[in-house]
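Below is one structure, written out as structure tokens; comments come after it.
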């Protein structure tokens, strides 16, 4: 496991504004960014030149890869064909706020987890997938954070929290909350198992699957936890920094 804190070669896409998400394209030759300045941008990594920009994003917009030619951006601009300087608002997502979303490895499905509801859309139309049952808040939990489709498109992991109430914890005067990751069968949205993480700080959780799906990483603010999905137990935990983790991913070899 490696933690990279800084690099001498720096592209500063949104100077003075936070960068919400990044994605590499064409085997690392290009980098797409989305930040708090109202723009998404595509960059040449070698020359650090900005090749394209598109407006219409908002402060919490995020960007994800559909293919090396197409990107999905949450906000008013949904589909961006960045090599052609073309973008359009996908009809099915026109009124859907997507602070949290993920795209399947084959680029055909998009899952959003917002406002206590998990929805699935077909790409590139962004129309709701027919026959896919939505996932909603339960009586004993709330959908509060990330949702991630596994690389094989077999599983869907969703971050949840126990609401404030009788199960709320206190340690040394600080409030803590039980958290669970619900893992569903992706094709029918049926719950298969849970990964429990007690006493996590009350922060939205980021999730990441390992390439072979044997591990699932969860970041709660500055805390990183890694679960073994076969034994369904936590195998690693650490506090990385005082700052909240905004993005994370496994390397292609899963190491």
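The values are calculated or read from the model by the stated rules, or taken from the named source; none is laboratory data. Because the structure is a prediction, the values reported are computed rather than measured. Every residue, glycine among them, receives a Cβ derived from its backbone with ideal geometry; neighbour counts consider all protein chains shown.
Remarks
- Qualifying residue in region 136-145 (condition: touching a strand residue (DSSP E or B) at 6+ places or on another chain (Cβ under 7 Å) and at pLDDT below 65): no
- Enumeration of residues in region 198-212 that are at pLDDT 90 or above and under 19 Å from residue 103 (Cβ atoms): 207, 208, 209, 210, 211
- Conditions (1) over 14 Å from residue 148 (Cα atoms); (2) in contact with a strand residue (DSSP E or B) (Cβ under 6 Å, 6 or more places away or on another chain); (3) at pLDDT below 90: number failed by residue 193: (3)
- For region 32-44, the set of residues classified as modelled with pLDDT of 85 or more and surrounded by fewer than 19 Cβ atoms within 10 Å (Cβ to Cβ) consists of 44 only.
- Single residue of 237, 241, 231 found to be in a loop (DSSP other than H, G, I, E, B), more than 21 Å from residue 100 (Cα to Cα) and either at pLDDT below 90 or outside the structural domain of residue 183 (by TED's automatic domain parsing) (or both): 241
- Tallying residues that are part of a strand (DSSP E or B) and at pLDDT below 85 within region 55-72 yields 1.
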